[in-house]
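So the structure is just underneath, and the comments pick up after that.
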Amino acid sequence: MLYTRLMSDPALEPKSPSESEVMMTQMILPPDANPLNAAFGGKVMEWIDICGGIAAQRHCRQVVVTASMDELHFHAPIRVGWIVILRARVLAAFHTSMEVGVTVTAENPLTGERKLTTSALLTFVALSAEGAKVPVPPLKLESEAERRAFQEAHARRDERLSRRDQVHAWRQVLAGAGTTRTTST
Ligand SMILES: CC(C)(COP(=O)(O)OP(=O)(O)OC[C@H]1O[C@@H](n2cnc3c(N)ncnc32)[C@H](O)[C@@H]1OP(=O)(O)O)[C@@H](O)C(=O)NCCC(=O)NCCS
């Protein structure tokens with residue numbers, strides 16, 4: 001019954017990853033910089049979240065919330081005054097969640113030289129206006145690279161969920177943080 005509804009719902013027609021593609025261009029200004037005159041990581045993370053969220057919304061045409069951000073790597077610093085190009089695409093659509101890949105490339109505005117500076121994977125969950133989780137359209141995979149990315153995303157999802165549900169020693173350490181005081185001698 002639910003299956004029949006999902007199959008006949010035009011909002012759940014399969015969509016290709018390219019339909020969700022987002023390209024966002026920014027510039028690193030002095031307020032976005034760290035004391036080394038390079039981009040502040042938190043600012044780049046904000047743009048990654050926005051760019052990835054737009055890709056997820058383009059895929060499902062629903063409100064989305066960020067469930068997780070992982071595989072976040074700052075490969076190289078971005079200088080103040082440089083142009084920043086973010087690209088995002090949905091890599092996999094599950095039931096109510098989607099994995100989105102985001103890359104950040106910095107461009108020297110004077111020479112046009114470009115390099116990959118940051119990459120990240122995010123999971124977004126689609127929500128209705130009432131805040132209930134809603135199904136997202138399946139992904140229509142068109143190339144071999146897209147099929148491989150989808151398979152990798154599936155494997156990561158299992159690992160991510162199992163890690164989410166584990167009891168982590170580091171969280172226990174932080175749960176106790178602030179309750180003990182060290183004294184200097
Ligand atoms: C994300 C959220 C909606 C998940 O809801 P939930 O009821 O805890 O999660 P469920 O276990 O039912 O999972 C729902 C979906 O989210 C996915 N999910 C949940 N937690 C996840 C995590 N940490 N990482 C990746 N995916 C996750 C599940 O795999 C599932 O996907 P599926 O439907 O495609 O199979 C909920 O935890 C939430 O609202 N979090 C806050 C979101 C937010 O405010 N984001 C902004 C950050 S400031």
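The values are calculated or read from the model by the stated rules, or taken from the named source; none is laboratory data. Since the model is a prediction, treat every value here as computed from it, not as a measurement. Neighbour counts are summed over all protein chains in view; Cβ atoms, including those assigned to glycine, are modelled from backbone coordinates with ideal geometry.
When only residues in segment 109-154 that are without any contact (Cβ under 8 Å) to a residue 24 or more places away in the chain and surrounded by fewer than 10 Cβ atoms within 10 Å (Cβ to Cβ) count, which is nearest to the ligand (Cβ to nearest atom)?
Ranking the candidates gives Gly131 first.
On the basis of being modelled with pLDDT of 95 or more, buried (at least 20 other Cβ atoms within 10 Å of the Cβ) and within 16 Å of the ligand (Cβ to nearest atom), does Gly101 make the cut? Before the answer, list the steps.
Values: modelled with pLDDT of 95 or more: yes; buried (at least 20 other Cβ atoms within 10 Å of the Cβ): yes; within 16 Å of the ligand (Cβ to nearest atom): yes.
Yes.
Regarding segment 4-22, can at least one residue be identified that is surrounded by fewer than 18 Cβ atoms within 10 Å (Cβ to Cβ), at pLDDT 95 or above, of a type in the set (Lys, Arg) and not in a helix (DSSP H, G or I)?
no
Of the residues in segment 73-98, how many are within 16 Å of the ligand (Cβ to nearest atom) and in a loop (DSSP other than H, G, I, E, B)? So that I can check it myself, show each step before the final result.
Narrowing segment 73-98 to residues within 16 Å of the ligand (Cβ to nearest atom): 90-98.
The next check asks that each one be in a loop (DSSP other than H, G, I, E, B); those that pass are 94-96.
Residues flagged as within 16 Å of the ligand (Cβ to nearest atom) and in a loop (DSSP other than H, G, I, E, B) within segment 73-98 amount to 3.
Which pairs do you get when a residue that is closer than 9 Å to Thr123 by Cα and of a type outside the set (Asp, Glu), found in segment 58-72, comes within reach of a residue that is away from the ligand (no atom under 11 Å from the Cβ) and in a loop (DSSP other than H, G, I, E, B), reach meaning Cβ atoms under 6 angstrom, with the pair 6+ apart or on two chains?
none
Is it fair to say Pro77 is touching a residue at least 60 places away in the same chain (Cβ under 8 Å), more than 26 Å from Arg163 (Cα to Cα) and of a type outside the set (Phe, Trp, Tyr)? Explain how you work it out, then say what you get.
On the way: touching a residue at least 60 places away in the same chain (Cβ under 8 Å): no; more than 26 Å from Arg163 (Cα to Cα): yes; of a type outside the set (Phe, Trp, Tyr): yes.
No: the conditions fail for Pro77.
Considering only segment 53-72, state which residues are within 12 Å of the ligand (Cβ to nearest atom) and assigned to a helix (DSSP H, G or I).
Matches in segment 53-72: Gly53, Ala56, Cys60.
Does Val104 satisfy the condition of being touching a residue at least 60 places away in the same chain (Cβ under 8 Å), part of a strand (DSSP E or B) and hydrophobic (A, V, I, L, M, F, W, C)? Lay out the reasoning, then the answer.
Working: touching a residue at least 60 places away in the same chain (Cβ under 8 Å): yes; part of a strand (DSSP E or B): yes; hydrophobic (A, V, I, L, M, F, W, C): yes.
In short, yes.
Can you tell me which residues in segment 155-178 are loosely packed, with under 10 Cβ neighbours inside 10 Å and within 13 Å of the ligand (Cβ to nearest atom)?
Asp158, Ser162, Asp165, Gln166
So, in segment 112-144, of the ones that are part of a strand (DSSP E or B) and polar (S, T, N, Q), which residue ends up farthest from Arg61 (Cα to Cα)? So that I can check it myself, show each step before the final result.
To start, the set of residues in segment 112-144 that are part of a strand (DSSP E or B) comprises 114-127, 133, 139.
Filter once more, so that each one left must be polar (S, T, N, Q): 117-119, 123.
On the way: Thr117: 29, Thr118: 27, Ser119: 24, Thr123: 16 Å.
Step by step, filter segment 112-144, then rank; the result is Thr117.
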